[in-house]
């Protein structure tokens, strides 16, 4: 009897010892899974969305167009496949669809003629007017018209086409009052029209694209629309060609302005012929897509983590000028859709609800996110916002928002450090931007996932899916999915109560 009792005691001690060894065993320690970890983001799933949304089917996803509406349908079908229902938040905005454009340069009385190609040498300004023009040109520098510096003072532009430089002098030497009204192409066009001009050629001096790349922009300044005033946006190389046979070449004119601080305006010898057909609508209907994944917790499920990306881009002009928008921002949309797929799996659904929002009108001063913030009825329940923007190119992952929201930022850095170490840690702190700016203004803790040095295809025709870096896009999606999971399911306390009464700042 005593031997059996002793044997049982020894067996219990042996089991206890084995348990202790198991707890301290390195193999067992590795088997303890991070509760906030997610399954691996699927590269093929992500790229499928990028390839689809940047295809010709969607015609560059111009907000207010049929191409954008088709992209909305695709996003809603994809969410439905993941078991996530969606609604539309409708609003109106300006939409200008360029159906075709002809642009010729010629010397009167000769056979000298150069036909420029839409999408190769130039594109139309997003809010160009339509019409036919055959006229002389006058170069007017930056198009400044002010009592202290007037580039129209010694030239006659009546009935002519002005040639202007985009932007403002690189090293400002003029008072802001002389240039603050000339920040957009519409601003410069109105000044030109006031002096009697009938059209404008804007030479792109931006360093965010190559000299031979047309760069598309939708926003050109505030209405009203200049319906019969054509505005073309030329590549730098095209601008050089315009002035190639003149006494003053383009680079010389720019250098003289910057060094001498004197107007370099002059009439050109050659003429241009422009013919634009564009369909403008002041109140075109568009919509944000809003998909809700309910949280499983009875109490926390009433709170929301919003995950968003801009869905629109700058569209297509004629048959030869397509802006695919693979990086900007099919990559962000694809990343958010993949986060939706991962979180919709029952085992990984968070306690808080997750709201997936795909914004329209981002190319028009982020109108869609502003509309959402003005009208979404459960805004007080939003505890954080995570934005995906331009995740397909670059050399590292950049997360913006550590200046105002270090708690959120630290979560993202932690998730990244455990997998990739891709987040670029910068000495200067950053604030949310783009669609996240309005959320930040309302005190909603926000992060923007983007890339560093990734703007080489900024609004140009080469923003195609073949240029997407699959590795960084997939890694960014993984980090973002785990960050969202932790915000929805971890120890995150939500935003400060005082911010829930704050109104959006325009």
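None of the figures in this text is laboratory data; all of them are computed from the coordinates on show. What you see is a predicted model, and the numbers here were worked out from it, not measured in a lab. In this analysis, Cβ positions are derived from the backbone assuming ideal geometry, glycine residues included, and neighbour counts consider all displayed protein chains.
Of note:
- Tilt relative to the chain, helix 250-260 - C-alpha long axis, 0 to 90 degrees, to 10: 90 degrees
- Prolate/oblate/rounded label for region 250-314 (Cα gyration tensor, a/c 1.5): oblate
- Ordering of 63-76, 353-366, 272-285 by packing [mean C-beta count within 10 Å, highest first]: 353-366, 63-76, 272-285
- Using the Stokes-Einstein relation with a Kirkwood hydrodynamic radius computed over Cα pairs, the translational diffusion coefficient of region 35-177 at 10 °C and a viscosity of 1.306 mPa s comes to 76 µm²/s.
- Each 20 Å bin, from zero up to the one with the longest distance, holds this percent of the alpha carbon pairs of the chain: 22, 45, 24, 6, 2, 1, 0.
- In degrees, nearest ten, helix 470-489 long axis to first principal axis of the chain (Cα): 60 degrees
- The convex hull of the Cα atoms of region 98-279, projected and averaged over all directions, covers 9.8 nm².
- Against the chain, whose longest principal axis comes from its Cα atoms, helix 332-343 is set at around 20 degrees.
- Relative contact order %, region 98-279, counting alpha carbon pairs below 8 Å whose residues are six or more apart: 40 percent
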